[in-house]
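Read through the structure below, which is laid out as structure tokens, and then see the notes.
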Amino acid sequence: MFGFGDRARVLPWLSYDQRVRGASHGTPAAPEAGNEIDADDFLASRRWAAALLQGSRRAERPRPSGERAAFARMISAFAARDLEMAAHAERLASLVRFFAPLAGLPSKEIEVLAEASRLHDLGKLALEPRLLGKSTPLSPAERRRLRLHPVLGARLLAGYRSPVLRLARLLALSHHEHWDGSGYPQGLVGEEIPLGSRLVSLLDRYDALRSRRPYKDAFSHAESCRVLFEGDHRSRPEHFDPTFLGLFAHHHETLAEAWEGFAGR
């Protein structure tokens, strides 16, 4: 699999300044959650997460084969926990492979981004199934807990050296940042958000709209576009990189055909 044998740094156009606010072990605290939950302590209380966390610390220079195995374990954890969560990750990777060339990204870099995007929601696996499967509105406390998942995912992915897993950590941490600065956990604005995260954020939202969730039915392509371009109670067009949103609008019909092909596999 591409991206595990190469020790090169994360691709420059996908990276950003790692000196982040509230850092603990290189991972920022979620502002809305305060400091009452330490990411390491929280993850240590989940047996599978504790094993992954220990694996990320085990060697100063983990071998490529070990990183491939770690990636495979993380992907398998999605399927073991929730088949739809696993399917969402695979559809997102397929959307990245379809959309990123339209943005002019090089094919070799696209494959790293697509593979890394499969782990963007890794931190959700450390949360209670009851919380993720709730069909009624979340309480403020539950919403704060759900918003920990970028920090938890980034902590689980700390310490790896391959381009795929380093980029996966970046995506896990920043895929809920918004162009207008209203996102979390850091409240990054505009180009402060890594380019790869800006692309993944838009495609992640589209797939979430098209898919059934415990709290909503699946939306049609037309309904999903209306939400992306006009907004609803959960999101606004200002949340997304305007260049990517414009590109999405220009190619939305072919993207819908591609998504339906991915979803029908």
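No value in this document is a laboratory result; all are computed from the given coordinates. On a predicted model such as this, the values are computed, not experimentally measured, just so you know. All Cβ positions, even for glycine, are placed from backbone atoms using ideal geometry, and neighbour counts span all protein chains on display.
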Which numbered condition ARG73 misses (of (1) in contact (Cβ under 8 Å) with a residue 40 or more places away in the chain; (2) assigned to a helix (DSSP H, G or I)): (1)
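Looking only at helices (runs of 4 or more DSSP H) that fall completely inside the range 187-265, which ones have 3 or more residues that are crowded, with 21+ Cβ neighbours inside 10 Å and touching a His at 6+ places or on another chain (Cβ under 9 Å)?
On the way: elements: 195-210, 221-230, 242-263.
Hits in the range 187-265: 195-210.
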Test: residue in the range 108-119 that is surrounded by fewer than 19 Cβ atoms within 10 Å (Cβ to Cβ), not in a helix (DSSP H, G or I) and not β-branched (Val, Ile, Thr): no
Any pair with Cβ under 8 angstrom, 6 or more apart, that starts in the range 77-93 at a residue that is closer than 15 Å to LEU132 by Cα and ends at one that is hydroxyl-bearing (Ser, Thr, Tyr) and not in a helix (DSSP H, G or I): GLU84/SER211; HIS88/SER211
Of all residues making up the range 131-166, the number that are closer than 30 Å to SER65 by Cα and part of a helix (DSSP H, G or I): 12
The range 171-186 - residue that is assigned to a helix (DSSP H, G or I) and of a type outside the set (Gly, Ala, Ser) and, of those, farthest from PHE98 (Cα to Cα): LEU173
